[in-house]
Structure formats: C-alpha cells, structure tokens
2 protein chains.
Amino acid sequence: MPIEAREIVLAARPAGWPSESDFRIESRTLADPTDGEIAIEVTHLSVDPYMRSRMRDAASYAAPVQLGEKMTGAGVGRVFASRSPRFQPGDWVQGVTGWCSHLVTEARGFRKLDPSASPGSTALGVPGMTGLTAYFGLLDVGKPKSGETVLISGAAGAVGSVAGQIARIQGCRTVGIAGSDEKVAWLVEELGFGAAFNYKTTADYRARISELCPNGVDIYFDNVGGEITDAVFPLLNVHARMPVCGQISQYNNEEQEMGPRLLWYLITKRARVEGFLVTDYAERFREALAQLTGWYREGRLVHREEIEHGLENTPRAFLEMMRGRNTGKMIVKVAD
Amino acid sequence: MPIEAREIVLAARPAGWPSESDFRIESRTLADPTDGEIAIEVTHLSVDPYMRSRMRDAASYAAPVQLGEKMTGAGVGRVFASRSPRFQPGDWVQGVTGWCSHLVTEARGFRKLDPSASPGSTALGVPGMTGLTAYFGLLDVGKPKSGETVLISGAAGAVGSVAGQIARIQGCRTVGIAGSDEKVAWLVEELGFGAAFNYKTTADYRARISELCPNGVDIYFDNVGGEITDAVFPLLNVHARMPVCGQISQYNNEEQEMGPRLLWYLITKRARVEGFLVTDYAERFREALAQLTGWYREGRLVHREEIEHGLENTPRAFLEMMRGRNTGKMIVKVAD
C-alpha cells in the first residue's frame with residue numbers, strides 16, 4: 001500500500017537570515033522498504049542551529065542540502081513496516097529522518113527507544129543528541145573540576161541548558177548568558193545556575209561577566225561566538241578551557257565578520273580553545289545516554305520543550321529557534 | 001672590592017614600535033653578595049620577542065619592567081663571588097640576569113653549565129629556554145604523529161627553527177614560513193624542512209600554504225599571529241592542533257587589531273588552539289634538556305646564532321630581532 005509522504009525541501013539558498021520562502025512542502029509516494037530498510041511515521045522533529053550551515057552551498061563537516069532536497073535533521077517516529085531484523089512494526093525509533101511525515105530508510109543509524117521511559121520527543125533532548133552534545137562538550141573537552149566557574153553562552157538553549165546543569169552536577173559554579181529576563185529567571189530558579197544575565201539589556205558584557213564571575217572563568221562553553229565571546233577572553237583564568245559548540249551569531253553572515261584578534265590571551269593564560277562535534281563520540285553514546293537518563297530520572301537534569309505543531313510549520317519553528325524564541329529544546333510535533 | 005656594573009634600563013614606554021631611545025645605559029656599584037647570593041659577570045644575553053610585552057604598563061603573565069628598572073631577560077655568565085654552597089667562583093651559570101654586565105643575585109633560579117659540552121651562548125639556544133619552548137610547545141601541546149604535516153610560522157627564528165627540527169625528528173613533514181629567501185634556503189637546505197616560503201614576497205598566503213601542504217595542516221606552531229595565522233585556519237585538518245607560542249605581529253600594536261572571526265573552523269575541524277608558557281614545565285626541564293642536548297650532539301638539531309657585540313648594543317639587537325634580522329638565535333656577546 002503506497003504511502004504519501006510530505007517533505008520540506010530546500011527551495012532557495014538564503015542570503016543572510018533565512019525566511020519561510022526558502023522552504024517548500026512537497027508530496028511524494030514512498031516505495032516499500034527493501035532488505036535492510038524500515039518505513040517510519042515521524043512524530044517529532046528537532047530543529048537546531050547547525051541546520052543553517054547545511055543550507056549553504058559550501059563544504060563543511062557534512063555535505064550541504066541540495067536545492068529541492070529534503071532538509072536534514074533528527075527525528076523520532078514509529079516503524080510501520082520493516083525489512084530489518086532489528087525492528088518490528090510499532091517500534092519507536094530515533095535517527096536522522098529529515099523534515100518529513102514518513103520515510104523509508106536504511107535501518108542502520110536508527111536507535112530503538114523505550115516508550116515507557118519517557119515521551120518520544122525527549123529522545124531529541126536530554127537523553128538524545130542535545131544531551132550528548134552537552135555531555136561530551138562539557139566533560140570531555142571542558143574537563144570541569146569541582147569548584148570551578150563555568151560560563152555558558154546560549155545558556156537557555158537546548159544544549160546550553162543541559163551543559164550548565166551537568167556543570168552544576170560536577171560541583172561547578174555556573175553562570176549563564178541568555179537573551180531574555182524570562183530565560184535568565186528559568187536558569188537561576190529552575191536549573192540551579194549560580195547566576196545569569198540578559199545580554200540584550202547589557203551594554204558592557206565584559207563588566208557584567210566580570211561581576212558575576214569574580215574568580216574568573218575556568219570553562220567557557222560557547223554556543224554563540226561574536227561579541228559575547230570576545231568579552232570572555234580577557235577574563236579567562238590560567239589553564240582555562242573553551243569548548244566551542246556553536247557560533248550562532250555568525251551563521252547568517254554573508255561576509256566574514258571581523259573581531260579583535262585574541263590569541264595573545266591564550267598564551268598569557270595558557271588557555272585552550274577546542275571545537276567538537278558530538279558525532280565523533282558515537283562509540284561512547286551508550287555510556288553517556290545511561291548517565292544522562294539516570295540524571296534525568298533522578299530529577300537532576302530538567303528538560304524543557306517548546307513545541308510547534310505540524311510539519312508545515314517546521315520552517316517557522318527553525319527560524320524562531322534561530323531568533324532565540326525557545327527556552328530549552330525546540331521540537332516540532334508532526335503526528336501523535 | 002666593589003664592582004661597577006653597567007645596566008640597560010627602560011627609559012620610556014614605547015607607543016608602537018620601540019626605538020633605541022626607549023633604553024638608557026647606567027652604571028651602578030654592586031654590593032658584595034650576602035648569604036645565598038652569587039656575583040656574576042655576564043658574557044651572553046638573549047633577546048626575545050616576549051620582552052616587548054614587558055615594556056608595557058599592563059599586567060600579563062609577568063610583571064612589567066618599571067621605568068628606570070633594568071630590562072629583564074636570560075643570560076649566561078661566570079660566577080666571580082659566591083655565598084651559595086651550590087656555586088664556586090669560575091662556575092658558568094644560566095638564568096635571568098637582565099641586561100647588564102655584572103649582577104649580584106639570589107643563586108636560586110640559576111643553573112650550572114658544563115662549559116666542556118658546548119659554548120656558553122648555546123645554553124640560551126637549543127639546550128636552553130629556546131629549545132625548551134620549542135620542545136614543550138611542539139611535543140606536549142602539538143602532540144605530533146609521524147607522517148603529519150607541521151606548519152611553523154616564524155620558522156627561521158630561535159624557537160621556530162628548533163620546533164621544526166623536532167617535528168622532523170618525529171617523522172613529520174615540516175613546512176616553514178619565514179621573512180627572506182635566505183631564511184627559506186636555510187630551512188630547507190640545512191634544517192631539513194620539507195618546504196618553506198617567504199611571506200614577504202607572497203601575495204596569497206592561503207594559496208601558498210595550500211600548495212605546500214597538499215594534505216592539509218595537522219599542527220600549526222604559531223609564533224606570529226595576524227594575517228598569516230588567519231590564512232591557516234581554513235587549511236586545518238580534522239583534529240588539528242595549534243600551539244600558540246607567540247604573536248609577534250601584534251606586539252607593537254597600540255590599538256586592538258581586528259581580524260576575521262575564525263572559531264567556526266575549530267568546530268568543523270574539531271581543532272584545538274592552545275597557548276603555553278615554557279615556565280609551566282619547569283619540573284620537566286631536566287628530562288627535556290637531556291633530550292635536546294642529545295639531539296644537538298648527534299647533529300640532529302642544528303643551532304645557529306646571530307651575534308651582536310657589546311652590552312650597549314643590546315637594544316639594537318632586540319630591535320633588529322623584532323624586525324626579523326636574525327636567522328636562528330639572536331645573542332648579545334657582553335664579554336668573552
């Protein structure tokens with residue numbers, strides 16, 4: 001019985017900020033799965049900053065999405081047909097589905113979920129790629145020690161909010177930078193950050209960070225780049241670490257943005273700046289998911305979602321996430 | 001018998017490039033050594049880029065030199081009076097003497113040299129701070145693996161020329177960036193660099209580096225910063241390392257220089273940029289000096305000096321080193 005799938009495809013390559021007209025919804029008829037394949041009905045999609053870089057016609061760590069091609073991204077769904085011995089119809093799975101209602105795909109790369117453990121959408125958050133990104137970035141790259149000061153930009157976003165909580169669990173003092181007073185209140189009152197501030201109402205980032213980090217910055221977990229990050233360099237402590245997770249302030253630039261040259265600070269502070277990608281840690285996902293799930297069940301990691309409804313609204317959800325509307329993880333609910 | 005010492009003191013804080021008028025020579029009568037002190041006749045002084053930052057009235061990793069105070073720096077000399085059980089008159093020593101002909105100082109921090117092993121001045125080069133800086137920066141921060149491509153800026157300078165040779169000894173392909181055709185020839189013909197180029201006659205650094213590093217850059221040992229370093233970021237390989245040793249292109253700036261924001265490359269390449277100071281490795285100097293001295297005696301590490309004569313010419317030697325006159329290590333010979 002052929003299935004009609006709806007897909008969001010890339011319609012145009014944006015110059016600067018993307019808009020809804022850069023995307024288009026299409027229907028297509030899926031073939032039945034062949035050996036090793038499964039058919040999935042998607043229920044939830046994740047929208048994330050890295051997707052902006054896939055819209056560019058430039059090689060990065062992954063190939064760009066082609067014009068007319070389905071947008072890439074992680075999703076959760078239910079298997080409704082399987083030619084893989086690993087999956088049965090009715091199984092919940094998580095993997096790279098792209099922005100669509102249904103798909104037929106190689107089973108390889110998909111992970112089975114336990115629907116009794118938590119709602120399917122959380123597999124995109126704390127015990128999913130988001131949590132894994134925070135986990136490896138903070139613990140493996142940042143190497144926090146109890147008592148250190150950990151500063152996080154994009155702190156109310158999906159990854160930042162988890163990274164800050166993991167730092168808190170490690171016994172660090174956490175300071176968050178976010179884009180609204182509501183986000184700041186959430187960080188301090190619900191996630192246990194030691195302090196936070198709203199950069200949109202702050203004129204002098206450096207002075208404010210210095211005030212909230214009186215012992216300097218031992219780890220700066222960077223999601224944003226740009227002027228906020230510039231302000232941190234002079235405040236780094238000796239042997240500070242800077243895991244670079246994202247640079248969202250730069251993703252819509254058409255021209256190379258200029259900023260102060262800051263490498264000198266790395267010498268005087270013997271500091272380390274290091275980028276990372278969660279996909280490099282695939283061999284350790286099982287260990288990390290067990291730890292993240294444990295913290296989540298114990299209530300030590302708070303997960304919050306901002307939910308948009310309907311596949312057709314995925315571009316809007318993506319754009320609003322890029323503008324910082326979400327507190328916590330931005331999710332699109334495609335089906336029940 | 002009181003000794004008249006000549007000293008070069010900081011006479012003015014330079015704005016931008018320093019000049020000889022920023023220094024002044026003075027005489028003063030030294031007191032006899034008291035308990036734990038030694039009196040040294042200086043024979044050789046090292047002039048190094050870091051000294052420029054000590055001329056600023058700004059806290060860095062070390063206190064600035066005050067106006068009217070003796071310029072800081074490493075030197076070699078002969079003990080002529082001692083109240084320390086560790087040293088006898090006639091011993092050769094190396095340590096922080098400052099720019100002077102004679103000094104009385106605490107013996108702590110000085111190291112005895114074996115004059116039969118090599119001329120005293122080499123203790124400022126390969127088997128001295130210069131060699132140690134290259135050793136720990138390349139091996140500990142850079143972590144080279146055989147077959148990798150190691151790119152070095154300031155490659156014909158004191159530290160760069162040693163770092164490149166150590167990389168070669170580790171089985172890496174070494175590519176140098178230097179400021180004259182003579183330096184380039186020296187790197188390739190005498191030090192065994194795989195390739196090198198003269199940045200002063202190169203319009204497009206990125207294209208030239210790309211041509212000489214067809215497999216990309218695994219380690220970039222940075223002594224210079226600025227536009228040369230900008231050009232390297234897009235050419236870094238996955239998991240590349242960038243030990244930041246110096247930023248000589250920036251040291252005479254009065255205004256913060258601007259450059260492209262480059263942290264994004266660290267994410268896509270999962271690359272690491274890390275500053276270091278040799279003084280952090282003091283506990284391992286003995287091990288490293290043994291290794292460096294071994295390589296030097298075996299002829300695997302070539303040492304070259306550019307010698308200026310006379311204490312009064314130390315400022316000029318320093319300024320010419322900053323302008324890149326030296327190939328190898330710039331030394332001032334103060335006495336025989």
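Values as computed for the structure displayed
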quantity	calculated
Extension gain, B:Lys145 back to B:Asn215 (0.36 nm per residue minus Cα-Cα distance, nm)	23.8 nm
Label geometry 7 Å along the beta-carbon vector: B:Asp336 inter-copy distances in nm	10.1
Residue of B:Thr314, B:Thr229, B:Thr29 that the Gaussian network model of chain B assigns the largest fluctuation, springs spanning Cα pairs under 10 Å	B:Thr29
Prolate/oblate/rounded call for the range A:129-279, Cα gyration tensor, a/c under 1.5 rounded	rounded
Cα-centre dipole for chain B with unit charges at Cβ (Lys and Arg positive, Asp and Glu negative), debye to 20	800
Highest-MSF residue in chain A out of A:His239, A:His44, A:His303 [GNM, Cα springs under 10 Å]	A:His239
Most positive-pole-ward Cα, A:Met71, A:Gly225, A:Trp295, against dipole of chain A from beta carbon charges	A:Trp295
Whole-Hz couplings from phi, Karplus 6.51/-1.76/1.60, listed for the range A:133-147; x for Gly and Pro	4, 5, 4, 6, x, 6, 7, 7, 7, x, 6, x, 10, 3, x
Protein heavy-atom accessible area occluded, B/A pair - total, 1.4 Å probe, Å²	3100
Förster-model FRET efficiency, 22 Å R0, B:Glu190 and B:Arg300, C-beta, rounded to 0.05	0.95
At 7 Å out from Cα toward Cβ: B:Ala12 inter-copy label distances (nm, ascending)	6.0
Karplus 3J(HN,Hα) series, Hz, for the range A:67-72 with 6.51 cos²θ - 1.76 cosθ + 1.60 (x for Gly, Pro)	4, x, 8, 4, 5, 8
Reduction of at least 20 Å² in accessible surface, 1.4 Å probe, comparing all protein chains with the chain by itself, residues of the range B:250-268	B:Tyr251, B:Gln256, B:Glu257, B:Met258, B:Gly259, B:Pro260, B:Arg261, B:Leu263, B:Trp264, B:Leu266, B:Ile267, B:Thr268
Charge-dipole axis of the protein assembly as shown as Lys and Arg at +1 and Asp and Glu at -1 on Cβ define it, positive-most pick from A:Pro144, A:Ala185, A:Ala317	A:Pro144
Farthest positive-ward along chain B dipole, Cα basis, beta-carbon charges - from B:Gly120, B:Val162, B:Ser53	B:Val162
Under 17 Å from A:Lys145, Cα to Cα: aspartates and glutamates that are on another chain or at least 8 residues apart	A:Asp218
Sparsely packed trypsin sites (Lys or Arg not before Pro) within the range B:34-64, loop by DSSP, other Cβ within 10 Å at most 14	B:Arg56
Choice from A:Asn198, A:Asn237, A:Asn253 with maximal GNM fluctuation in chain A (Cα, 10 Å cutoff)	A:Asn253
Per-pair calculated FRET efficiency, R0 = 35 Å: B:Arg28 and B:Arg325 via Cβ, rounded to 0.05	0.70
Under 21 Å from the Cα of A:Lys70 - lysines, other chains or at least 8 residues apart	A:Lys333
Among A:266-276, B:62-72, the order from most to least packed when residues are scored by Cβ within 10 Å on average	A:266-276, B:62-72
Accessible area of the range A:129-279 belonging to carbon and sulfur atoms, whole % at 1.4 Å probe	48
Lys, Arg +1 and Asp, Glu -1 on Cβ, resulting dipole of the range A:71-178 about Cα centre, debye, nearest 20	120
Test item: Cα-centred dipole of the range A:129-279, Lys/Arg +1 and Asp/Glu -1 on Cβ, debye	600
All lysines inside 20 Å of A:Lys183 as judged from Cα atoms, apart from same-chain residues fewer than 8 positions distant	A:Lys200, A:Lys329
Placed amide H near B:Gly259: partners under 5 Å, 5+ positions off or other chain	A:Gly259, A:Arg261
Inverse of mean 1/r across different Cα pairs in chain A, Kirkwood, Å	20.6
Sequence-distant residues sharing a close amide H with B:Gly157 (under 5 Å, placed H)	B:Gly328
Label geometry 7 Å along the beta-carbon vector: B:Asn252 inter-copy distances in nm	4.2
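The values are calculated or read from the model by the stated rules, or taken from the named source; none is laboratory data. Quick caveat: nothing in here was measured; it's all calculated off a predicted structure. All Cβ positions, even for glycine, are placed from backbone atoms using ideal geometry, and neighbour counts span all protein chains on display. Quick note on the areas: whole protein, heavy atoms, side chains included, nothing else; ligands and nucleic acids left out. Shrake-Rupley method; radii C 1.70, N 1.55, O 1.52, S 1.80 Å.
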